Amino acid sequence: VRAAVPFGTELVGATPHTIAAAVRRALGDPPPNPERIGSLTAADVARVTAEWAGFPWRLLPERPLSPAVNVALDEVHVDRVAGGGPPTLRFWGWDAPAVVIGRTQSVANEVDAAAADARGFRVVRRMTGGGAMVVQPGRTITYSLVVPEAAVAGLSIRRSYEVCDAWVILALRSLGVDAHHVPVNDVACPAGKVGGAAQARRKRVVLHHATLAYDLDAAEMAAVLRIGRERVSEKGTASARKHVAPLAGLTPTPRDAVVRRLGEHFRRTYGGEADEPTGEELASAGRLAAEKYDAPGWTAEFP
């Protein structure tokens, strides 16, 4: 109900909780569960991910990398897990601002190239679908989960988004943020969208990554993105127009402390060992970036 009510709308004599409770009673359902992530409860998620605690997780902290190397490193880790390597949780670090567009998006429709170039933004295309995201170093939080498909066996793709982000939602709640999952791929709160996720599946591996807004410069974001403007090309998937609610306005916790809390919550829940990308992984990502993710043929594939 919170997700369906337009932002800025004032409900008189009711709240989203009371409306939801009335609907559920009318349908003969049990009372709402306060531990609900979205369509699932926290207990549901714990049951579905029970085997995750037995995985030999690699936990990779933030490390400043170029936008092209960051997206390339996801592909490197997909190949590593496909070859029998351990599942990985990686927090991304950024050495430059970027606009990261989805696999089938039109650059011309999504990005104001002149504004992005003037502000030093690099434009890169990732291997997953979904909409464009603006990344500003120190103002966003990005993470990737790379797991075997067996980790989400029996789940629909829509449901797997909720399961893969549930740990983030519970960690944010521990910081006082009223976070929840909104299908298909959003982490949200009553004030708006906190972050969005995207997935790709290949070689029996699931890549799930997401970006959370911590303290975005809204004016800069509006300048470099063309969301809501007239389409230039008929090609490509359009980004959804949604109100963003940065975490800085929802919790007094500094950004770096939020990242630590997320990592600590994941480790307490599922285990894992702190690690760093290997030299071989970084070299492979560098080659992929040069040959693919930083090349015009890939980035401008859907002009």
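Within segment 152-161, identify whether any single residue is under 25 Å from S106 (Cβ atoms) and not basic (K, R), and answer yes or no. Yes, there is a match, as at least one residue in segment 152-161 is under 25 Å from S106 (Cβ atoms) and not basic (K, R). The sole residue among A14, A4, A50 that is modelled with pLDDT of 90 or more and exposed (fewer than 12 other Cβ atoms within 10 Å of the Cβ) is A50.
Taking the numbered list (1) assigned to a strand (DSSP E or B); (2) of a type in the set (A, V, I, L, M, F, W, C); (3) over 15 Å from Y214 (Cβ atoms) in turn, L155 passes all entries but (1).
Taking segment 265-303 as the region of interest, how many residues are over 30 Å from A171 (Cβ atoms) and either open to solvent by 50 Å² or more (accessible area, probe 1.4 Å) or in contact (Cβ under 8 Å) with a residue 60 or more places away in the chain (or both)? The total comes to 19. A Cβ distance below 6 Å, combined with a sequence gap of six or more or placement on separate chains, defines the contacts here; from segment 96-109, residues that are outside any loop (DSSP other than H, G, I, E, B) reach residues that are of a type in the set (S, T, Y) in the pairs A108/S233; N109/S233. Pairs are defined by a Cβ separation below 9 Å, a sequence spacing of at least 6 or placement on different chains, a first member in segment 152-178 that is within 16 Å of P87 (Cα to Cα), and a second member that is open to solvent by 30 Å² or more (accessible area, probe 1.4 Å) and not in a helix (DSSP H, G or I); the pairs so defined are V163/L155; D165/N185.
Exactly one residue out of V206, V187, V146 is outside any loop (DSSP other than H, G, I, E, B), touching a strand residue (DSSP E or B) at 6+ places or on another chain (Cβ under 8 Å), open to solvent by less than 50 Å² (accessible area, probe 1.4 Å) and under 19 Å from P246 (Cα atoms), and it is V187.
Rundown of residues vs (1) in contact with a helix residue (DSSP H, G or I) (Cβ under 6 Å, 6 or more places away or on another chain); (2) at pLDDT 95 or above; (3) farther than 30 Å from C189 by Cα, yes/no style:
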residue	(1), (2), (3)
V224	yes, yes, no
H243	no, no, no
P246	no, yes, no
G249	no, yes, no
H265	yes, yes, no
T278	no, yes, yes
A285	yes, yes, yes
D294	yes, yes, yes
A300	yes, no, yes
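Among the residues of segment 60-86, those identified as surrounded by fewer than 22 Cβ atoms within 10 Å (Cβ to Cβ) and within 17 Å of the chain's Cα centre (by Cα) are P61, E62, E75.
Just one residue in the set R63, R24 is modelled with pLDDT of 80 or more and basic (K, R); that residue is R63.
The values are calculated or read from the model by the stated rules, or taken from the named source; none is laboratory data. In this text, all values refer to a predicted model and were calculated from it rather than measured experimentally. In this analysis, Cβ positions are derived from the backbone assuming ideal geometry, glycine residues included, and neighbour counts consider all displayed protein chains. The protein model used for the area step is the full one, side chains on, heavy atoms only, and it has no ligands, DNA or RNA in it. Shrake-Rupley method; radii C 1.70, N 1.55, O 1.52, S 1.80 Å.
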